[in-house]
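One structure below.
The values are calculated or read from the model by the stated rules, or taken from the named source; none is laboratory data. Note that this is a predicted model, so its numbers are computed, not measured. Here the Cβ positions follow ideal geometry from the backbone for every residue, glycine too, while neighbour counts run over all protein chains shown. Calculation scope for accessible area: heavy atoms of the full protein, side chains included, ligands and nucleic acids excluded. Shrake-Rupley method; radii C 1.70, N 1.55, O 1.52, S 1.80 Å.
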Amino acid sequence: MNTIGTSLARITLLTVISVAANAQENANAPVFNLLFTAQQNLVDGYPVSLVETSIGTFYGLSTLQSATLGASVFSINYAGNIQNVYTSQPYVYLFSMIQALNGKLYLPGGSMQGARHYQYIAADLSGSVQSYPTPQWVLGPASVTTPSGLIYTVIAPPNGVGTTFIFAQIDLNGIITPLHKFAGTDGFPYSGTILIQGHDGDIYGIALKSLSGLTTGWLYKITPQGQYSKVAGLPVDGAGGLAAPIIAATDGSIYGAFPRGGVSKTGMIYKVAADGTYQKLLDFPATGMTQPAFLVEGTDGNLYGSTDGAPSYLFQFNLKTLKLRQLYKLSGNEGICACAMVQGMDGKFYATSPVGGLYGFGTIFSLDLGLPKPKPFVSLFSPTTGATGQPILLWGRNLLGATSVRFNGVAASPIAVNSTQAVSVAVPAGATSGPITITTPNGTFTTTTSFQVP
């Protein structure tokens, strides 16, 4: 080919590559959708969390409380249709919300006026509640549910003046059992993060050496039986003691952020590998998109999050390239983060902004990045052996909408979807030893471990 022909061929090839790249970029261009703006005269102000309980429906917690109402639980669907489900008594605040194995929502809280009292609320999805008084304990905002059916959290005695913390388990009837007292070199569990269950089944959190002059911290873990150990030191120095929630990613590592850490004290993202090795991955820029305040893993294996303050940003952190990408800059009417984000079963991210919006009482929005819909995954089943009729729990993620569970090819019925993490079935007649396969509208997963039929 002559020089002119070669040049034309190269130009044509570059044009095709450019068009393809632009098409791909446009195909993945973020689509922001403001679903709801909270108002002061409603019982849905200050939304702080969302839990998808069935495909297309979330339940959320709003923390607005006043002389006429307390914190509330609401439902909202993909289209933004919202409905109040439960409103607590005036001046009652609720910290957080998780869905347990029985399908109910569990919320720790207390009174903000007069004689303080503390309680644990279990609400079913129709709004019927049971309240479990916890007079001798102050329940913290961090809690996690496990395949055992128990809930784990950090608590403190009401007269502990914030210096005595205890790791405890709570059963589904509100019974609290202390397991480990933080003392000596255990440090102080940081209330700004959450507890997570790692791939090894242990519970992980962040502790600080001191409640004042916060300069030293570490990632710790506690077994479900209460055995405490330090995993890795964390560079809290310069971070102002603030830490974003940690997550247990599918690669087996734990990721977290310090909103005021890093070279410019504007934020950093770090990783703690399964062997306890700490690695700083990214320093946030000195200006603009700063102070990462929330992290969540997407179905593409990358991290997504929000920044704190106004204006707020939504970002992507690519774990392969270690590059930070700005996805969307929120206006004040769209919300002011830190925003708690979850990925819905439709692949979109859904988030609550606790403040901002048209009335200043928060918003709920979605962000569509064209990511794959979450496929089911089963990390364990329990028990691992059983005869016909034996109840079996499948535990994992993205299990909502399960339409089929098969034991070595034999279908089980009925199927009880307790949460996005848990599905219950009974061993069907005719089942033989072999893998278990579960199917949802988003895909199918087959366990690598075989279930044993005697």
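For the stretch 182-207, a residue qualifies if it is without any contact (Cβ under 8 Å) to a residue 24 or more places away in the chain and open to solvent by less than 50 Å² (accessible area, probe 1.4 Å), and exactly one does: Asp202.
A count restricted to the stretch 41-62 and to residues that are buried (at least 20 other Cβ atoms within 10 Å of the Cβ) and either in contact with an Asp or Glu (Cβ under 9 Å, 6 or more places away or on another chain) or polar (S, T, N, Q) (or both) stands at 5. Selection over the stretch 308-325 of residues that are modelled with pLDDT under 95 and crowded, with 17+ Cβ neighbours inside 10 Å gives a count of 1.
Looking across the stretch 253-295, the residues that are surrounded by fewer than 18 Cβ atoms within 10 Å (Cβ to Cβ), among the hydrophobic types (A, V, I, L, M, F, W, C) and farther than 15 Å from Pro235 by Cβ come down to Ala273, Ala274, Ala286. When Thr177, Thr164 are checked against the criterion of being more than 23 Å from the chain's Cα centre (by Cα), surrounded by fewer than 20 Cβ atoms within 10 Å (Cβ to Cβ), outside any strand (DSSP E or B) and not charged (D, E, K, R), Thr164 stands alone in meeting it. Can you spot a residue in the stretch 306-314 that is among the polar types (S, T, N, Q) and not in a strand (DSSP E or B)? The answer is no, given that none of the residues of the stretch 306-314 is among the polar types (S, T, N, Q) and not in a strand (DSSP E or B).
Take the conditions over 24 Å from Ile196 (Cβ atoms) and of a type outside the set (Val, Ile, Thr) and apply them to Gly347. Does it pass?
no
Checked against (1) over 19 Å from Ala38 (Cβ atoms); (2) open to solvent by 10 Å² or more (accessible area, probe 1.4 Å); (3) touching a Leu at 6+ places or on another chain (Cβ under 8 Å); (4) in a strand (DSSP E or B), Ser75 passes all but condition (1).
Note on the stretch 410-423: residues that are open to solvent by 40 Å² or more (accessible area, probe 1.4 Å) and closer than 21 Å to Ser54 by Cβ total 7.
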